[in-house]
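Report on one structure; see the data block that follows.
The values are calculated or read from the model by the stated rules, or taken from the named source; none is laboratory data. The structure presented is a predicted model; accordingly, all values stated were derived computationally and were not measured. Quick reminder, even Gly has a Cβ in these numbers, built from the backbone with ideal geometry, and neighbours come from all protein chains shown. Areas reflect the complete protein model, heavy atoms only, side chains present, ligands, DNA and RNA absent. Shrake-Rupley method; radii C 1.70, N 1.55, O 1.52, S 1.80 Å.
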Amino acid sequence: MNRPSRIRIGRPLAWACLILAVVISLFPLYWMLRTAITPGRELAGDNAGLLPRHPTLLNFERVLGLTTREEARAAGGSGADLDFFRYLGNSILYTGLVTAVQTLLCAMAGYAFARLRFPGRDLLFGMFVAALMVPPIFTLLPNFVLVKELGWLDTVPGLVAPSLLMTPFAVFFLRQFFLGVPRDVEQAALIDGAGKGLIFWRVVLPMSRGPLLTLALTTAVWTWNDYLWPLLVAPGEETRVLTAALGIFLKQSPNTAPDWTGLMAGSVLSIIPVLLLVVFFGRRLVDSIQFSGMKG
Amino acid sequence: MLLRQGEPAAPPVAGPAHRLKAGARGDGRLAAAFLAPALIGFGLFYLYPALRGAWYSMTDWNLLSRPRFVGLDNYARLLHDPLFWNSLKVTAGYVVLNLGIQLVAGLGLAALLHRLTRSLVLRSLLVVPWLVPNVTTGLLWMWLLDADLGFVNHLLTGAGLPAQGFLTSPDLALPSVAVITSWSGTGYTALLLYAGMLLVPRHVYEAAALDGSGEIRTFFRVTLPLMRPILAFVLVVSLIDSFQLFDAVAVTTKGGPVNATRVIYHYIYEQAFTHFKMGYASALALSLVLVLGVLTFVQMRLLRASASDLA
């Protein structure tokens, strides 16, 4: 009598906990959206209920710079100019450029470390591995100074410079992958007279789509989320990315009564690409995280 | 190796490596071509700044005047800087809170997933908060925890409890920050641990069930001990990651109220970019390198001591 009833209570209870965890994960994001479509003036009196009483897109329009300054101020804005279209574009440019170039160049470097023979290889690779252990803030300070000296503040080159060509992690990750690729395929092509360079482009790269995509996804998420570096080197209107824009928006907003509806509208814009990633690459994302877990 | 949270672990190396036969000269020219961009990037943005940072840490540079060599003065000052020690204390407090919440909640979630479902949709949904930019997470929770209009206080007052200034009270600020970052990291941690649980072979559970072991007992006596390696891995990665908390603090509390959330990363940032004390900030950063190096070393030793019982 006791045992079956315990199971009957146990499983629904376990499911309830799991559902609760999903609700805790997602409800804040829903509340973000709800706030973003609430008229700024009604926020204080309208904070219950699943939908606001008078849903509006005005907050999105004003952070995207589609309204006049007077309209924005009337809707609860601070009067600061906002152009999230541009910030969104800058974020896409920053993320796209870094992800594409870095992945390709690190694949080349990783292949060289895994398959080519040259003097000093192990020493160089050892230095890359050592760099994995340095917290980013240590190199961030001098890198900021360097970008400043080059006159690259508030420029795209300054923004992308430190991460465009390589990160030690990307090189390390792909080298480990290439080491594990069976050599037979390459041997066969080598016997057919193809050079190792050609083999890399024609044989190895096409075979490595999976790990390259995993790495590219990871790099894209980091770059999209990157805050401190873009805020320091590219806060200017022309090169400001979304994360920096949100930080600056908050700073310009009055401390006592922040422009929550506008801030949440901007926040929604910053997570749209994230949600798209989950929709299109959900399985790969989950698999790559779990793969790290299996590796542990 | 110093992993940041979210880095996929590198694929394992399969089998003994047979070298492709290379010419007597090796592949020098091809290697040079393939490595050139990465080496330039490494030299300019990793090696050079590391050397420069070490040099700055021995100067009194303030971004305006020329740097003057002061030897180890910055380090001597650091040892007597109460704010430095405070920042280490705050960071350690945050690390304990954040790891505690994430490991317990993550383990619970992983166990639920493991026992109940293989649903990919559910796992994807749980990992969504981790993909949200830290700045957005900070802003969102500032709003949810707002003292007047925030949703959480709305719930509290609805239940007849007094509203709290979660991010403005010196006692609540740090735990609140830990809750915020846990919200974003727990789903990710749960997925890592879930993957570890999948590695425990079925027959172990069957044997436990045959012996009449209940769910909870099996979890503590069988699953958990067999997961030691993955637990150790998650601990190392999360520890190093938590030590470098910045974005959430920079957005929500800016280190306040009265230094209650001034973690080491934020302290370094302030010294460098608010007070322009580049020399002192570099000495702080180099000290952080050392602290993390020691922590990683100790943890790696522990990791090695925790080989799986499944082997």
Query - Sequence of B:T168, B:T59, B:T117 from largest to smallest accessible area, 1.4 Å probe - result: B:T168, B:T117, B:T59
Requested in this report: Measure off, as a whole percent, the carbon and sulfur share of the 1.4 Å-probe accessible area of chain A, all protein chains present.
Outcome: 67
Query raised in the report: segment B:186-311: D in µm²/s via Stokes-Einstein (Kirkwood Rh, Cα pairs, 10 °C, 1.306 mPa s)?
Result: 90
Requested in this report: Determine the gain in length on full extension of the stretch B:S119-B:L64; use 0.36 nm per residue of separation and subtract their C-alpha separation, reporting nm with one decimal.
Outcome: 14.0 nm
Query raised in the report: For the Cα atoms of chain A, what angle does the longest principal axis make with the long axis of helix A:136-149, in degrees from 0 to 90, nearest 10?
Result: 90
Query raised in the report: Kirkwood hydrodynamic radius (Cα pairs, Å) of chain B?
Result: 22.9
Report task. Calculate, for A:I191 and B:R29, the FRET efficiency according to 1/(1 + (r/R0)^6) with r their C-beta to C-beta distance and R0 22 Å; round to the nearest 0.05. Result -> 0.55
Requested in this report: Whole number in Å², please: accessible area per residue of the protein assembly as shown, 1.4 Å probe, ligands, DNA and RNA not counted.
Outcome: 44
Query - Surface share of carbon and sulfur [accessible, 1.4 angstrom probe, percent] for chain B - result: 67
Report summary line: In chain B, whole DSSP H helices that both stretch 27 Å or further along their axis by alpha carbon positions and average at least -0.5 on the Kyte-Doolittle scale are B:82-116, B:173-198, B:278-304
Report summary line: Working note, segment A:84-252: Cα radius of gyration (Å, one decimal) and Dmax (Å, whole number) are 18.6, 65
Report task. Report, ordered by chain and residue number, the aspartates and glutamates lying within cross-link reach of A:K196, taken as a straight Cα distance under 13 Å and ignoring same-chain residues fewer than 8 apart. Result -> A:E186, B:D27
**Report entry** In the B-A interface, the accessible area buried, summed over both sides, Å² (probe 1.4 Å)
**Finding:** 10100
Query raised in the report: Rounded to the nearest 0.05, what FRET efficiency is calculated for A:L51 and B:S169 with R0 set to 56 Å and r the Cβ-Cβ distance?
Result: 0.95
Query raised in the report: Counting alpha carbon pairs within less than 8 Å and at least 6 residues apart, what relative contact order, in whole percent, applies to segment A:2-60?
Result: 29
Query raised in the report: Computed over the Cα atoms of segment A:2-60, what is the ratio Rg over Rh, Rh following Kirkwood?
Result: 1.31
Query raised in the report: What Kirkwood hydrodynamic radius, in Å, does segment A:88-136 give when the mean of 1/r is taken over all pairs of distinct Cα atoms and then inverted?
Result: 12.8
Query raised in the report: GNM, chain A, Cα, under 10 Å: largest mean-square fluctuation among A:G236, A:G49, A:G158?
Result: A:G49
Requested in this report: Would you mind computing, in nm to one decimal, how far apart the modelled labels at B:L72 and A:R284 are, each placed 7 Å from Cα along Cα→Cβ?
Outcome: 5.1
Query raised in the report: Which FRET efficiency value, to the nearest 0.05, do you get for B:L210 and A:I9 by plugging their Cβ-Cβ distance into 1/(1 + (r/R0)^6) with R0 = 25 Å?
Result: 0.60
Query raised in the report: Do any trypsin sites (Lys or Arg not before Pro) in segment B:41-108 lie in a DSSP loop with no more than 15 other beta carbon atoms within 10 Å, and if so, which?
Result: B:R68
Report summary line: So, relative contact order of chain B in percent, Cα under 8 Å, 6 or more apart, is 29
Query raised in the report: Gaussian network model of chain B, Cα springs within a sub-10 Å range: biggest mean-square fluctuation belongs to which of B:Y48, B:Y188, B:Y267?
Result: B:Y48
Requested in this report: Compute the distance in nm between two label points, each set 7 Å from the Cα along the Cα-to-Cβ direction, one at B:V96 and one at B:L161.
Outcome: 2.3
Query raised in the report: Regarding the protein assembly as shown, what are the three Cα extents along the principal axes, ordered largest first, in Å?
Result: 80, 80, 51
**Report entry** Residues whose placed amide H lies under 5 Å from that of B:G256, excluding near-sequence neighbours
**Finding:** B:T261
Query raised in the report: Taking Cα pairs under 8 Å and at least six residues apart, what relative contact order does chain A come out at, in percent?
Result: 28
